[in-house]
Amino acid sequence: RRERDLGLPDFPETPVRLEQLMNEEEPNSQQVMRCIESDPKLVGRVWGRARSARFPSSPSSLDMAVSRIGLVEVWRLSLESALDAFDFRVGVYKDKAEVIRVHGALVAEVTSGLTGQRRGPSFLAGLLHDVGHLLLLQVASQTNPEVQTVREVSNAYHASISVLVAAAWQLDSEVIPAIAFHHDPNACHAGPRDLSRLVCLADIAVDGEMDRRAQRNSHFIEAMAQFTRSRVLASKAINQSAIAIERMEADGR
């Protein structure tokens, strides 16, 4: 398998199986639950999300927990395990990796909100747009180079490495160009609502909202203006980012 050639973890099987079941005209609830139950890490994630501050009380069963958060969110949680599969030694690189994971989940939620498709390539492209950072940090965690060297290499090459990871995992054909050009959708002449442009806007908006909350100087409005002329789309990205971060905090992430 190509992902092993790159030293990658396997892409998780659970979201692929869940996708197949959810795409059926009448999804079989027993098969869906068996699929969820077969993945202990996903079960833990579902329980954690269903017990979060968003809800007034804890569910009494896994069935209730799944019903409470919904199958789409279960599918999203199962996909997030793709980022958790990268191993890190305790230390600065493990901490940096957690920041990348959280950022990916936020950009995924905003991107899917911009497309109006809560499940599909838009969420996946947003989630994995910076997965190259994780692969580089994993190597750094094992070899312990200078932090400045890792930063420079990661800034220069993470998008290209993200594309290699997405290709090795044989992801949806829409995902790879969206990841490849998420820093500059103008370079591929992306349309006003093409996925690479939406991932770009979501990426900028999430960083901008984080900066605003931390009271850091940010020029994210000017940055967004480089990639969209639509005030409606820009405003939606900013609003979706605020909502996604508030929800993340309520979930205790």
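The values are calculated or read from the model by the stated rules, or taken from the named source; none is laboratory data. Owing to the predicted nature of the structure, the values given are computational and were not obtained by experimental measurement. Glycine gets a Cβ as well: all are built from the backbone with ideal geometry, and neighbour counts include every protein chain shown. When the accessible area is computed, the model is the full protein with side chains, heavy atoms only, and any ligands, DNA or RNA have been set aside. Shrake-Rupley method; radii C 1.70, N 1.55, O 1.52, S 1.80 Å.
Here the simple spin-label model places points 7 Å from the Cα toward Cβ, and for His189 and Glu13 these points are separated by 4.4 nm.
Among the GluC sites (Glu not before Pro) in the stretch 116-196, those located in a DSSP loop and surrounded by at most 13 other Cβ atoms within 10 Å of their own Cβ are Glu146.
Sorted from largest to smallest, which semi-axis lengths in Å does the alpha carbon gyration tensor of the stretch 104-237 give for its equivalent ellipsoid, taking the root of 5 times each eigenvalue?
Listed largest to smallest, the semi-axes of the stretch 104-237 are 24, 19, 13 Å.
When a 1.4 Å probe is rolled over the protein heavy atoms, the share of accessible surface on the chain that falls to carbon and sulfur comes to 50 percent.
Distance between the modelled labels on Asp84 and Glu24, one decimal in nanometres: 2.5 nm (7 Å Cα→Cβ projection).
Viscosity 1.306 mPa s, temperature 10 °C: give me the Stokes-Einstein translational D for the stretch 183-240 in µm²/s, with Rh taken as the Kirkwood radius over C-alpha pairs.
Roughly 139 µm²/s, to the nearest whole number.
Only Lys, Arg, Asp and Glu carry charge here, each on its Cβ (+1 for the first two, -1 for the last two); on that basis the chain has a dipole of about 520 debye about its Cα centre. Solvent-accessible surface of the stretch 31-125, taken per residue with a 1.4 Å probe and all protein chains present: 43 Å². Across the chain, Cα-Cα distances exceeding 29 Å account for 31% of all pairs.
Take the Cα of Arg229, step 7 Å toward its Cβ, do the same at Asn144, and the gap between the two points is 5.5 nm. According to the square roots a ≥ b ≥ c of the eigenvalues of the Cα gyration tensor, what is the shape class of the stretch 2-68, taking rounded for a/c under 1.5, prolate for a/b larger than b/c otherwise, and oblate for the remainder? It is oblate, given that a/c is not under 1.5 and a/b is not larger than b/c. Judged by the mean number of other Cβ atoms found within 10 Å, the most tightly packed of the peptides 29-39, 222-232, 65-75, 105-115 leads the ranking 105-115, 65-75, 29-39, 222-232.
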